Amino acid sequence: MGTYHALRGLNRRLQALFVVTLVFRMGTMAFPFYAAYLIHQHAVSASIAGLLVGTYGVGALFVDLIVGALIKRFSSGRVILGSLLTNALLLLIIPSIDSIAALFVLSFLWGGCYEAFTPATFSETVKHSDLQTRKVAFSCNRLAINIGMAIGPLLGSLVFLSSASAVFYINAGLSLLSFVVCLRFAGHASTQAAGMAANQGRGNGLPDSVPFERSRLLVILLTSLPVHIAYALPPTFLSAYIINYTDLPTYFVGIIFFINALLVILFEVPINQRMSHLSSSYSLVAGFVLAGIGFFLMGFSEIGLLLLLATVLWSLGEMIVFPSITHYVSSISSQHTVDRNLGYYSAGVNIGVMITPSLAFMLVTQPALLSPWLVAGIVLLLFGIGVSLMKRSATLWNKEA
């Protein structure tokens, strides 16, 4: 009920953004099966498939670095519309392409078009919320993402069994539906108004300039990087770890993902409502501690019940840390830099996904080294201590946020 009331309490624009994000993320069917599609439909080697998937990530990272300028030039509303439309067009084209060289180009463009949606929705969230409600607004945005990402890949797995190409067409259809919903709720007048508002100041409560913005931004980006790396472990490494490096039954993978998704969907928004009065530093320290203990306990893989307890802990940490970071990034930004800074934050997410699998497998294949779960837990706990110390410095941390 807390989640329902939080959604009802959003203004019309943020409610529309929730619906658009939910439909768009429900359509995320093609990318989770892109490597399998390439291997089975195009008979490419696993290494080429990996390079094509990596090219998608490079495109996403590139757009994260320039999206601030795009939003400043066109407005976040128009970037969202462009992302949805071009994403759909690329998904319609890719199944008909046989040239590997062309697929590299399309993979880069696809990754960029898909990724542009995320920082643009961050910008919309900032523009249509104030400092008091922004953390809950970011939680609602994450709720739409998590529900959609729980449904989309599941439906995609069922469709892929009967027709590999169909996942692209259905994905494209849902992207187009998101585009229509965005037009229906936002309208051309709203996007034009958003473009005008961009010249007058982006976001409620954002000043023209912020003291020590660069140093504070660098600190939070470096602080969030181990978070992105740690939370990339479950989607990129967990299944291989459980199946190949433990004696636990395979269904433990599904149980862990189910627990995580259920907890995030049910409790993230209410938790952030209850913690909305706390500063970002206190929230981050609490989230780092929960996440650190959770990932540390994941290293004791021989005890199944301990893994389930660990999943609850790092899921609680996830619910607190991610809305707190996005809220803090917006709070240390000026109206002129908030879009760029949120794009840099999104880039960190992609960097985590790109480097985590290699680091994890390097650690797990060397018996003399610690488990990647233990390393992640220790690092997060250390960074939690670091935040508690850095918040005392006005140069490094915004004490009011």
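The values are calculated or read from the model by the stated rules, or taken from the named source; none is laboratory data. What you are looking at is a predicted structure, and each value in this text was computed from that prediction instead of being measured. When we count neighbours, we look across all protein chains shown, and the Cβ atoms used for this are built from the backbone with ideal geometry, even at glycine. What goes into the accessible areas is simple: the full protein's heavy atoms, side chains included, and nothing from ligands, DNA or RNA. Shrake-Rupley method; radii C 1.70, N 1.55, O 1.52, S 1.80 Å.
The table that follows gives values for the structure above.
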{"read-out": "Accessible area in square angstrom per residue, the chain, 1.4 angstrom probe", "value": "42"}
{"read-out": "Choice from Ser215, Ser123, Ser175 with maximal GNM fluctuation in the chain (Cα, 10 Å cutoff)", "value": "Ser215"}
{"read-out": "Distance in nm between pseudo-label sites at Gln132 and Gln41 (7 Å out along the Cβ direction from Cα)", "value": "5.1"}
{"read-out": "Farthest positive-ward along segment 1-85 dipole, Cα basis, beta-carbon charges - from Leu14, Leu52, Ser83", "value": "Leu14"}
{"read-out": "Spin-label zone in segment 375-396 - amide nitrogen under 11 Å from a point set 7 Å from the Cα of Leu218 along the C-beta vector", "value": "396"}
{"read-out": "Efficiency of FRET between Leu389 and Leu85 - r from beta-carbon atoms, R0 51 angstrom, step 0.05", "value": "0.65"}
{"read-out": "Nitroxide proxy distance, nm - points 7 Å out along Cα→Cβ at Ile265 and Ile355", "value": "3.3"}
{"read-out": "Dipole axis of the chain (+1 Lys, Arg; -1 Asp, Glu on Cβ), positive-most option in Leu154, Leu65, Met298", "value": "Leu65"}
{"read-out": "Highest-fluctuation residue, Phe24, Phe267, Phe122 considered, GNM on the chain with Cα pairs under 10 Å", "value": "Phe267"}
{"read-out": "Hits among lysines - C-alpha to C-alpha of Lys399 under 25 Å, sequence gap 8 or more where chains match", "value": "Lys127, Lys135, Lys391"}
{"read-out": "Built amide H within the under 5 Å cut-off of His336, gap 5+", "value": "none"}
{"read-out": "Those aspartates and glutamates that a straight Cα-Cα span of less than 13 Å connects to Lys72, excepting residues fewer than 8 apart in one chain", "value": "Glu124, Asp339"}
{"read-out": "Between segment 26-48 and segment 159-175, the alpha-carbon center distance in angstrom", "value": "12"}
{"read-out": "Kirkwood Rh, Cα atoms: Rg over Rh of segment 192-343", "value": "1.08"}
{"read-out": "Point-charge dipole on Cβ atoms (K/R +1, D/E -1) for the chain, about Cα centre, debye to 20", "value": "1080"}
{"read-out": "Peptide ranges 40-49, 301-310, 65-74, 25-34 listed from the most packed, as the mean C-beta count within 10 angstrom indicates", "value": "25-34, 65-74, 301-310, 40-49"}
{"read-out": "Gap separating the Cα centres of segment 272-299 and segment 308-380, nearest whole Å", "value": "12"}
{"read-out": "Förster-model FRET efficiency, 60 Å R0, Ala240 and Asp208, C-beta, rounded to 0.05", "value": "0.75"}
{"read-out": "Net charge of neighbours whose Cβ lies under 9 Å from the Cβ of Ala120, counting Lys and Arg as +1 and Asp and Glu as -1", "value": "-1"}
{"read-out": "Kirkwood hydrodynamic radius of segment 31-152, from inverse mean 1/r over distinct Cα pairs, in Å", "value": "15.7"}
{"read-out": "Cβ crowding within 10 Å averaged over residues, with 313-326, 357-370 ranked highest first", "value": "313-326, 357-370"}
{"read-out": "Accessible-area composition of the chain, carbon plus sulfur, in percent [1.4 Å probe]", "value": "70"}
{"read-out": "Segment 254-312 - Rg and Dmax from Cα coordinates, angstrom", "value": "13.1, 40"}
{"read-out": "Kirkwood-Stokes translational diffusion coefficient of the chain, alpha-carbon pairs, 20 °C, 1.002 mPa s, µm²/s", "value": "99"}
{"read-out": "Dipole of the chain, positive direction: furthest Cα of Tyr34, Tyr282, Phe361, with charges on the beta-carbon", "value": "Tyr282"}
{"read-out": "Environment charge at Ser276 (Cβ cut-off 11 Å; Lys +1, Arg +1, Asp -1, Glu -1)", "value": "+3"}
{"read-out": "The chain: most fluctuating residue of Val312, Val159, Val23 per GNM, C-alpha cutoff 10 Å", "value": "Val159"}
